[in-house]
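One structure is given here, and the rest of the page talks about it.
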Amino acid sequence: MSTLAVSRTVRGACPHDCPDTCALKITVEQGRVVRVQGDPEHPPTHGALCTKVSRYPERTYHEERVLTPLKRSGPKGSGQFVPVSWDEALDDIAAQLKAVAARDPQAIVPYSYAGTMGLLQGEAMAGRFFHRLGASLLDRTICAAAGGDALVATYGGKVGMHLEHYADSRLILIWGSNSIASNLHFWTFAQAAKRQGAKLICIDPRRTETADKCHQHIALLPGTDGALALGLMHELITQGWLDEDYIARHVDGFAALRERALQWPPERAAQVCGIEADVVRQLARDYATTAPAAIRLNYGMQRVHGGGSATRLIALLPCLTGAWKQRGGGLLLSASGWFKAFRNPQLERPDLLGERRPRTLNMSTIGDDLLREASPAFGPRIEALIVYNSNPVAVAPESRKVVQGFAREDLFTVVLEHFLTDTADHADYVLPATTQLEHLDVHTAYGHTYALMNQPAVEPLGQARPNTAIFRALAQRMGFHEPCFRDSDEQLAEQAFVGLDMAALRAQGWVKLPIAEQPFADGGFPTADGKVRIDAPGYGVPDYVAPYESVQSAPALARRYPLAMISPPARHFLNSTFVNVKSLRSIEGEPLVELHPDDAAARGIADGAMVDVFNDRGRYRCRAALSGRARPGVVNGLGVWWRKLGAQGTNVNELTSQRLTDIGGGPTFYDCLVEVQAA
């Protein structure tokens, strides 16, 4: 009998795209997972899990799991398949890829993101495969590129304060984050601070569940966060609230920022943000005179044209007040940069490219790119697409074009999946992948500073295989005989990190990185000179960058489409993951758009009515919810529902655009004007 069939508790890690990266304790009885719980000994997790992951066994044992290779038997998008053997599927896939590669391997495109955040089942073996093949490279921008690149430009890396230190803060600005839904374990530390008298302020266009629990909610217009940050800086300067010593020693280029910020009095910032000038003044006073003061910034606010510049401006605030000098002071957007010194940069073997330099495609413009013809500027037309750890037909912007591209009969598409998602419905082959309960993996995090290991709790269900095994088998059939393609998952795990105690990681399931308690109390930022950069090379001094689509920047467009739309995730989904878990979908009910009652009344829309949300890019039918969650002039299209579950086979990304952020080339999901009418 396999050791995996013995009743026991297994240490695991949550694989999903969430800053919490929880440590799991998985209970297995008679070879079946019966319970998934948070590890009470892991400080960030402290025994708690979100509703989604606590129901992970329901996902693994879902009746609709794909458990055998499938070959398309009907039109693309129909979801019609027949089962085939692994040998038949892999042999045909390899033959198709060889034929394309013989013409130009750049015509083959990998498409993946964070369906799992694991280093092994993410890119360890897949990266080796595509590097050896010489396929197009993918710029994985769809979530965090603007904010991440902005942090690197400002701090020198994606680094910030320790998660646990928020419990010691006296003021916390929760900026662009519905923490109760998407950063639950931060929220527990914020609640601990609140019980000790800390003030919590939520800055978000939507009145989220988090805003409900904060002392104050500032409902600014989407895409105006940079203007608010400049207004705060104006007050810090004019009221004498700067830490001049910290700035002199640890901030490079403040004079230029000072000149810029003085052009943004509270009245100007408030007019742009759609709030009162006194709100700007009081927020600045609270931030400057309460210590320790912390900012928990999240990625919602950077999914607009000026998202990168706004991130840079907000990241400078604790540097101007010297908040970094105190435990419980500073800012956190991402902690992933702390892992850079401990990650093996050769894990994905970029050396296998040799002298070749393939083109790089931006995953956020896959809709346009799939429809492009070959050209000297673009390169070869995309002929083959390998999708894993992603569901682009549902999650990529301007999905009408994405669907058109995936529907091309001359496009050969392979999807590694757990379920027949919107993307899998368009595949020529669907290959059954394992879930986190069925494979080995190792994880970094972007919301805390602990590395984790995930042990397989049960044998793979049906004929499912780990991503690593699938790419190993494809490599063999492609004739890639380098020894690295024979590395086992255990060997990959040993190669993933440098300088970490792997024995402790295996035994405990997690290890804390050796990082100073207050890493920037005396400067020491990961820039060349240890100073924060204001006039960053290639970016200049940050300024407010207006949305592409707003009354101020596009008045003619706004006359036709007067409502700004954001599309935050529904509380019980994680991007498009968990949408098909019935217990979670039953909580969410159906696709919704939230409207302010005044906007609804002006359009004759009643609560619960079916409505069409539309712009020049497309039309999306869903149900209207009238409540205080939407501010006037803004609608909230909750996502990301699978298209096939929508009233007319679409979702909110029918309306979003493929225009990119000012920094990082990220998507602008929340930079979107629409109109709403009764269906």
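With labels modelled as points extended 7 Å from the Cα through the Cβ direction, what inter-label distance (nm, one decimal) is found for Q196 paired with Q80?
Taking the simple label geometry, Q196 and Q80 are separated by 6.4 nm.
Out of the GluC sites (Glu not before Pro) in the range 403-478, which ones are loop residues according to DSSP with at most 15 other C-beta atoms within 10 Å?
Listed in order of number, the matching sites are E409.
Apply the Karplus parameterisation 6.51 cos²θ - 1.76 cosθ + 1.60, with θ equal to phi minus 60°, to every residue of the range 336-345 and state each ³J(HN,Hα) to the nearest whole Hz, in sequence, with x for glycine and proline.
Computed from phi, the couplings for the range 336-345 are 5, x, 4, 7, 4, 6, 10, 8, 7, x Hz.
Pull up all non-local amide H partners of G639: gap of 5 or more, or a different chain, and H-to-H distance under 5 Å with H placed in the peptide plane.
Under 5 Å from the amide H of G639 lie the amide H atoms of A570, each far enough along the sequence or on another chain.
List the Cys residues of the chain that have no partner Cys with a C-beta closer than 4.7 Å.
Cysteines of the chain left without a disulfide-compatible partner: C18, C50, C143, C273, C319, C484, C622, C672.
Just to confirm the number: angle between the C-alpha axis of helix 277-289 and the first principal axis of the chain, 0 to 90 degrees, nearest 10?
Once rounded, the angle reads 80 degrees.
For V84, which sequence-distant residues (separation of 5 or more, or a different chain) have an amide H within less than 5 Å of its own amide H, given hydrogens modelled in the peptide plane?
So V84 has HN proximity to L70, K71.
At 1.4 Å probe size, with every protein chain present, just tell me what the per residue accessible area of the range 522-673 comes to in Å². Don't skip to the answer; put the middle values down first.
Numbers: 5610 Å² over 152 residues.
Heavy-atom accessible area per residue stands at 37 Å².
Using each residue's phi in the range 236-245, evaluate 6.51 cos²θ - 1.76 cosθ + 1.60 at θ = phi - 60° and report the 3J(HN,Hα) Karplus result to the nearest Hz, with x for Gly and Pro.
After applying 6.51 cos²θ - 1.76 cosθ + 1.60, I find 4, 6, 6, 8, x, 9, 7, 8, 4, 5 Hz.
For the chain, give the percent of accessible area contributed by carbon and sulfur heavy atoms, probe 1.4 Å, rounded to a whole number. All intermediate terms of the calculation are to be shown ahead of the outcome.
Details: 11430 of 23170 Å².
Answer for the chain is 49 percent, counting heavy atoms of protein chains only.
Given a 1.4 Å probe and heavy atoms of the protein chains only, how would you sort M125, M502, largest accessible area at the top? Mind dumping the intermediate values first?
Details: M125 0, M502 20 Å².
Ranking M125, M502 by accessible area, largest first, yields M502, M125.
Taking θ as phi - 60°, what are the ³J(HN,Hα) couplings along the range 249-254 by the Karplus curve (6.51, -1.76, 1.60), each to the nearest whole Hz, with x for Gly and Pro?
8, 10, 10, 9, x, 5
So, R0 is 35 Å and r is the distance between the beta-carbons of E276 and F342; what FRET efficiency does that work out to, to 0.05?
Working: r = 46 Å, r/R0 = 1.33.
Approximately 0.15, to the nearest 0.05.
So how do 100-111, 388-399 stack up, highest first, on mean other-Cβ count within 10 Å?
Values: 100-111: 19.2, 388-399: 26.3.
Per-residue mean Cβ counts within 10 Å order the peptides as 388-399, 100-111.
K401: which lysines have alpha carbons under 26 Å from its alpha carbon, excluding same-chain residues fewer than 8 sequence positions away?
K71, K76, K644
Given K158/K512; K194/K340; K194/K582, which pairs have Cα atoms separated by over 29 Å? Write out the running numbers ahead of the final one.
Values: K158/K512 17 Å; K194/K340 33 Å; K194/K582 35 Å.
Result: K194/K340; K194/K582 exceed 29 Å.
So if I take the centroid of the Cα atoms in the range 17-33 and the same for the range 179-196, what is the distance between those two points in Å?
Cα centroid to Cα centroid, the span is 22 Å.
Taking the Cα centre as origin and putting +1 on Lys and Arg beta-carbons and -1 on Asp and Glu beta-carbons, what dipole magnitude results for the chain, to the nearest 20 debye? Mind dumping the intermediate values first?
Working: 70 positive and 73 negative charges, 105 e Å.
Dipole magnitude for the chain comes out near 500 debye.
Any idea how far apart D368 and R285 come out in nm if each label point goes 7 Å out from Cα toward Cβ?
Distance between label points: 4.7 nm.
Can you give me the relative contact order of the chain as a percent, contacts being Cα pairs under 8 Å and 6 or more apart?
Values: 1615 pairs, mean separation 140.0, N = 679.
Computed value for the chain: 21 percent relative contact order.
How far is helix 184-195 tilted, in degrees, relative to the longest principal axis of the Cα atoms in the chain, given as a value from 0 to 90 rounded to the nearest 10?
30 degrees
Take the alpha-carbon centre of the range 61-101, take the same for the range 462-537, and report the distance between them in whole Å.
The range 61-101 and the range 462-537 have Cα centres separated by 31 Å.
Using mean Cβ contacts within 10 Å as the protection proxy, how do 79-85, 401-407, 317-323 order, highest first? It would help to have the intermediate numbers written out before the result.
Details: 79-85: 14.6, 401-407: 21.7, 317-323: 24.4.
Result, highest mean Cβ count within 10 Å first: 317-323, 401-407, 79-85.
The values are calculated or read from the model by the stated rules, or taken from the named source; none is laboratory data. The model shown is predicted, which means the values in this text are computed figures rather than measured ones. Ideal geometry is used to build each Cβ from the backbone, glycine not excepted, and the neighbour counts take in all protein chains shown. Heads up: the accessible areas ignore ligands, DNA and RNA and are worked out on the full protein's heavy atoms, side chains in. Shrake-Rupley method; radii C 1.70, N 1.55, O 1.52, S 1.80 Å.
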